[in-house]
Amino acid sequence: MKCSIFAFTVMSVMAAAALEPRNYDGRIARRLGDVLQRTHVLQQPLDDEISRRAWTNLVTFYDFDHSVFLSSDLERLASHQTTIDDEILSGDVNFGFEVYNLYVERLGERLFFATNLLAKTGDKWDFSKKETYRIRRKDAPWPRTREEAEEHWRKRIKNEALSVIVNRNLDKATNRIDVAQDLIKKYRQYGTVFAEPDEENVLQYYLSALCRAYDPHSDY
């Protein structure tokens with residue numbers, strides 16, 4: 001029951017996390033766009049090439065292992081790949097908040113699934129079935145459907161549960177470890193990190209993605 005209540009709480013927190021730009025964020029973005037073009041060592045104009053890099057930086061900042069967004073989400077966001085430059089120079093930072101809010105929404109769905117699965121499964125995992133799990137997903141395609149995403153997360157959770165059990169056995173621990181509760185705590189912390197940012201943080205993520213489009217060592 002505690003797991004189910006917690007899963008509901010996770011979904012509620014994520015649903016309430018939508019943020020919007022402040023009335024002066026656009027002025028900050030315009031100033032940064034101007035400064036980057038004039039004073040950055042590359043002396044490169046803020047153009048479509050920079051826009052595409054910034055788009056990739058922002059999306060992968062939130063979902064570096066391609067496990068939260070759906071491919072349809074990326075298709076929806078793709079219209080901004082070559083417009084970030086124009087938007088920044090006009091003082092429009094809505095895209096940065098759109099990506100954040102969509103990520104939090106999808107993360108809530110994934111954590112809702114994860115905690116419900118843990119509530120139902122507990123410590124009763126069937127490891128006799130032969131399955132494969134791709135740990136490094138940096139170059140993997142984004143899931144096409146919610147079901148495909150949940151299947152990845154099912155394997156992810158099962159793999160983490162196995163790791164906890166193996167480490168417990170290797171350590172010869174005498175105290176019983178509640179695998180499900182341990183993983184729920186982990187996902188609670190994971191969700192909290194991305195539900196806590198305020199407007200300042202979201203703007204920073206967005207403008208940092210833009211700065212890193214010039215070079216990896218530039219930041220906002």
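The values are calculated or read from the model by the stated rules, or taken from the named source; none is laboratory data. In this text the structure is predicted, and so the values were computed from the model without any measurement. Reconstructed Cβ throughout: ideal geometry from the backbone, glycine too, with neighbour counts over all protein chains shown. In case anyone asks, the SASA skips ligands and DNA or RNA and just uses the protein heavy atoms, side chains included. Shrake-Rupley method; radii C 1.70, N 1.55, O 1.52, S 1.80 Å.
A few remarks follow.
- Angle between the chain longest axis and helix 2-15 axis [Cα atoms, degrees, rounded to 10]: 10
- Rounded to 0.05, the FRET efficiency of the Asp182 and Lys124 pair, given R0 = 22 Å and the Cβ-Cβ distance, is 0.90.
- Using a probe radius of 1.4 angstrom, the carbon and sulfur fraction of the accessible surface of the chain is 52%.
- When the charge dipole of the chain is built from unit charges on Cβ atoms (+1 for Lys and Arg, -1 for Asp and Glu) and taken about the Cα centre, the candidate among Gln44, Ile28, Leu111 whose Cα reaches farthest toward its positive end is Leu111.
- Degrees separating the helix 94-121 axis from the principal Cα axis of the chain, which is the longest one: 0
- Dipole of segment 82-220 [Lys/Arg +1, Asp/Glu -1 at C-beta], most positive-end residue of Tyr214, Leu203, Tyr190: Tyr190
- Dipole axis of the chain (+1 Lys, Arg; -1 Asp, Glu on Cβ), positive-most option in Val179, Trp55, Asn101: Val179
- Taking the helices alone, the chain has a mean residue ellipticity at 222 nm of -21500 deg cm²/dmol, built from -39,500 (n - 2.57) per DSSP H run of at least 4 residues and averaged over all its residues.
- Normalised contact order of the chain, rounded percent, pairs of Cα under 8 Å and 6 or more residues apart: 34
- Where segment 86-133 is the region considered: accessible area per residue in Å², 1.4 Å probe: 47
- Only Lys, Arg (+1) and Asp, Glu (-1) charged, at Cβ; the chain dipole about Cα centre in debye: 1320
- Karplus-derived 3J(HN,Hα), 6.51/-1.76/1.60, for each residue of segment 178-189, Hz, glycine and proline x: 8, 4, 4, 5, 4, 6, 4, 4, 4, 6, 4, 5
- Relative contact order %, segment 41-167, counting alpha carbon pairs below 8 Å whose residues are six or more apart: 38
- Residue-by-residue Karplus 3J(HN,Hα) for segment 62-68, coefficients 6.51, -1.76, 1.60, Hz, glycine and proline x: 6, 10, 5, 9, 6, 10, 10
- At an R0 of 25 angstrom, the distance between the Cβ atoms of Tyr133 and Phe61 translates into a FRET efficiency of 0.55.
- For segment 174-218, backbone nitrogen atoms closer than 15 Å to the point 7 Å from Arg52 Cα along Cα-to-C-beta are found at 213-214.
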